[in-house]
1. Can you sort Ser146, Ser141 so the residue with the fewest Cβ neighbours within 10 Å comes first?
2. Based on the alpha-carbon gyration tensor of the stretch 40-170 and its eigenvalue square roots a ≥ b ≥ c, which shape applies: rounded if a/c is under 1.5, prolate if not and a/b is larger than b/c, or oblate?
3. What net charge do the residues around Leu171 carry, taking every other residue with its C-beta under 10 Å from that of Leu171, with Lys and Arg at +1 and Asp and Glu at -1?
4. Mind checking which of Gln60, Met83, Ala45 is farthest towards the positive end of the chain's charge dipole, using Cβ charges of +1 (Lys, Arg) and -1 (Asp, Glu) about the Cα centre?
5. Using the basic label-point model (7 angstrom from Cα toward the beta carbon), what is the Thr7 to Leu31 distance in nanometres?
6. Would you mind ranking Cys197, Cys92 so that the residue whose beta carbon has the fewest other beta carbons within 10 Å leads the list?
7. Give me, ordered by chain and number, the residues 5 or more places off Phe155 or on other chains with an amide H under 5 Å from its own placed amide H.
8. So, counting K/R as plus one and D/E as minus one, what does the shell of residues with Cβ under 9 Å around Gly112 add up to?
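Rule-based calculations on the coordinates, nothing more; no lab input. Since we're looking at a predicted model, the values are computed, not measured. Reconstructed Cβ throughout: ideal geometry from the backbone, glycine too, with neighbour counts over all protein chains shown.
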Amino acid sequence: MPRDTRTITPADILPLDQYELIRADKKAEALARKQLTRIAVGPHATVLFENWDSMWLQIQEMLRIEKGGADQLADELAAYDPMVPKGRELTCTVLFEIADPERRDAFLRTIGGVENHIAIEVGGRRLRARPEGDTERTRTSDNKASAVHFMHFDFTPEAIAAWKSNEGTALLLIDHPNYGHAAIISPETRGFLAAECF
């Protein structure tokens, strides 16, 4: 699996029978990785930073569940390869999680446009998130936000240097008027993501 190419190709995907042989190990690796890449921002938001391995595992799992073969593989690569960080960015999945469906629905109706209110602050710079693709993540009909968002943070060389330095505080921010919260990004997480993504 040539991770250094920063892209996932059909050649990287294992046949289902081969994947089954290593699946338990790969799932255990994913759980360990989430200790570094999962950050709670306030009471309802979880941010999960992505890398090559997390997207590769997602594709393998989707193929395992749906068993759609080559046709499905093309769709999964188109969906998940763009979320592999390409060298000057971080990517993440943002999840708004409330167990009760009615409370979750009511909450999501109060945070329309939240995808435009997510940022990383590092080295005195604020890097606004860029939503993946052109999928509408807030419904125009009722201003209801999606519970799941896929985001990119584009880094300048100066921001990469500040991130790698581990100096100062790095923050993950959500500054929506109805959901204003921040979380510190630990030095361990910064180090892991620097090695994986830059």
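1. Arranged by neighbour count, lowest to highest, Ser146, Ser141 become Ser141, Ser146.
2. It is oblate, given that a/c is not under 1.5 and a/b is not larger than b/c.
3. That works out to 0.
4. Farthest along the dipole direction, towards plus: Ala45.
5. Placing both labels 7 Å beyond Cα along the Cβ direction yields 3.5 nm.
6. Exposure proxy ranking, most exposed first: Cys197, Cys92.
7. Close amide H contacts, sequence-distant or interchain: Glu89, Leu90.
8. +2
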